[in-house]
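The values are calculated or read from the model by the stated rules, or taken from the named source; none is laboratory data. This one's a predicted model, so the numbers in the text were calculated from it and none came from an experiment. Don't worry about glycine lacking a Cβ; one is built from the backbone with ideal geometry, like all the others, and counts go over all protein chains shown.
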Amino acid sequence: MSQNTVLLHNRYRVRSILGTGGFSTIYLALDEATGTEVSVKEFTAEHMDGLATALRVNAYDIANRSEPQPVPDPSDLSGEEKLSRGLMQVRREAQMLDLFSGVPGVPGVLDTFQENNTFYLVKEYLEGMTCKEYMDRFRGRMPFTLALYIMKGTLEILQAIHSRGYIHCDISPINSFLCRDGGVYLIDWGNAVDLSGSMEDHVVRQAVNIRYATPEQQISGHTLTPATDLYCLCATIYDAVCGEPPRQCVERLRGEPLVPPVIHVSDLPAFVNDLLLSGLELDPAKRPQSSAELLEIINREVAFSVSPVSGTGNASVSARLLNEKRSPFGFLTSRRSRRPTLL
């Protein structure tokens with residue numbers, strides 16, 4: 001696709017592809033009505049190219065008139081059902097972003113429209129990288145202070161969302177985002193759950209990422225709670241700090257042990273090790289029950305400071321341990337030559 005040639009909705013001039021996923025393509029576009037850069041998310045069937053989507057008509061009709069229902073085994077779904085469920089997820093994300101408008105750390109939704117026989121979601125453009133991209137930059141293992149900074153920002157987002165009776169339900173390294181100005185965002189809200197709904201509403205609508213998912217997300221008959229998000233977040237930070245995700249919860253239920261983070265990182269402060277282990281309890285009742293509990297620990301142990309780097313548009317974020325007898329550690333969120341991506 002040549003840049004600056006495709007005009008969507010007679011308004012959004014596509015400049016480049018930022019990223020692709022199983023059911024979406026993300027574009028960087030210029031909003032010609034405002035002159036600002038935006039992110040445009042297009043639903044695309046798996047393994048299909050963006051701007052060339054050809055959905056089955058029935059799948060599109062189903063997605064427009066209904067919500068996905070839980071299924072015992074996603075592999076039993078027909079191709080048409082998979083398409084319709086994927087489209088529902090993108091449409092649902094638009095609804096959730098609109099509902100959470102104004103919450104710091106939740107991307108602002110600017111527009112939605114149907115074109116090319118599919119659905120588009122226009123969001124504010126975030127410059128930065130996902131937690132996964134930062135992990136790759138550090139060759140798989142992120143400095144624990146950077147991970148804690150991302151964790152703190154994510155907990156603050158969750159605190160606001162949980163107070164409204166919703167949970168994100170899909171926290172992972174690719175959905176946690178750190179902007180160049182030091183802002184932390186949580187993206188991809190297509191699996192968000194309304195806790196005030198029925199038991200069926202508590203079932204994740206798409207297949208969960210089993211590397212970070214809780215037992216209650218994978219075993220039928222269990223209710224989801226804010227502690228579900230806290231497990232997913234702690235699993236994400238475990239991966240960022242240790243260089244590999246924790247042992248999957250289904251394996252742990254069979255008796256396989258969880259390796260403590262300090263085994264992977266010998267100089268990891270005790271409070272970080274204990275904090276992550278508490279959030280990774282298999283029994284939801286044994287985990288911290290609110291974001292405030294984990295935030296209180298982080299705020300007690302670490303002081304963060306964020307300041308701009310003159311002339312670069314980047315932010316210098318440093319962390320100082322308050323109660324551990326070790327040297328302070330700082331890091332710089334610098335920019336590579338390529339544009340940051342939004343996945």
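Worth pointing out:
- The set of residues in the range 252-269 being within 25 Å of P226 (Cα to Cα) and either touching a helix residue (DSSP H, G or I) at 6+ places or on another chain (Cβ under 9 Å) or buried (at least 17 other Cβ atoms within 10 Å of the Cβ) (or both) consists of R252, L253, L258, V259, P260, P261.
- Evaluation of P226 against the conditions (1) surrounded by fewer than 20 Cβ atoms within 10 Å (Cβ to Cβ); (2) touching a residue at least 60 places away in the same chain (Cβ under 8 Å) shows that the sole unmet condition is (1).
- Residue match in the range 129-149 (condition: of a type in the set (A, V, I, L, M, F, W, C), surrounded by fewer than 23 Cβ atoms within 10 Å (Cβ to Cβ) and under 27 Å from A227 (Cβ atoms)): yes
- In the range 101-112, the residues that are in contact (Cβ under 8 Å) with a residue 40 or more places away in the chain and surrounded by fewer than 18 Cβ atoms within 10 Å (Cβ to Cβ) never reach a residue that is part of a loop (DSSP other than H, G, I, E, B) and of a type in the set (S, T, N, Q) with C-beta atoms less than 8 angstrom apart, at least six apart or across chains.
- Among the conditions (1) of a type in the set (V, I, T); (2) modelled with pLDDT of 80 or more; (3) farther than 30 Å from I161 by Cα; (4) surrounded by fewer than 20 Cβ atoms within 10 Å (Cβ to Cβ), T36 misses just one, which is (3).
- Index of the failed condition, T154 passing every other in (1) in contact with a strand residue (DSSP E or B) (Cβ under 9 Å, 6 or more places away or on another chain); (2) over 24 Å from L110 (Cα atoms): (2)
- Checklist (1) modelled with pLDDT of 90 or more; (2) buried (at least 22 other Cβ atoms within 10 Å of the Cβ) applied to D188, failing item: (1)
- One residue stands out among those in the range 205-217 that are modelled with pLDDT under 85 and among the aliphatic types (A, V, I, L, M): the one that is surrounded by the most Cβ atoms within 10 Å (Cβ to Cβ), which is V208.
- The residue that is modelled with the lowest pLDDT, counting only those in the range 218-252 that are of a type in the set (S, T, N, Q) and touching an Asp or Glu at 6+ places or on another chain (Cβ under 9 Å), is T223.
- Selected residue (criterion: nearest to P215 (Cα to Cα)) from residues of the range 270-308 that are touching a strand residue (DSSP E or B) at 6+ places or on another chain (Cβ under 8 Å) and exposed (fewer than 15 other Cβ atoms within 10 Å of the Cβ): A303
- Test result for S163, of a type in the set (G, A, S), at pLDDT 90 or above and in contact with a Cys (Cβ under 7 Å, 6 or more places away or on another chain): no
- Condition met for H202 (at pLDDT below 90 and either closer than 21 Å to A94 by Cα or not basic (K, R) (or both)): yes
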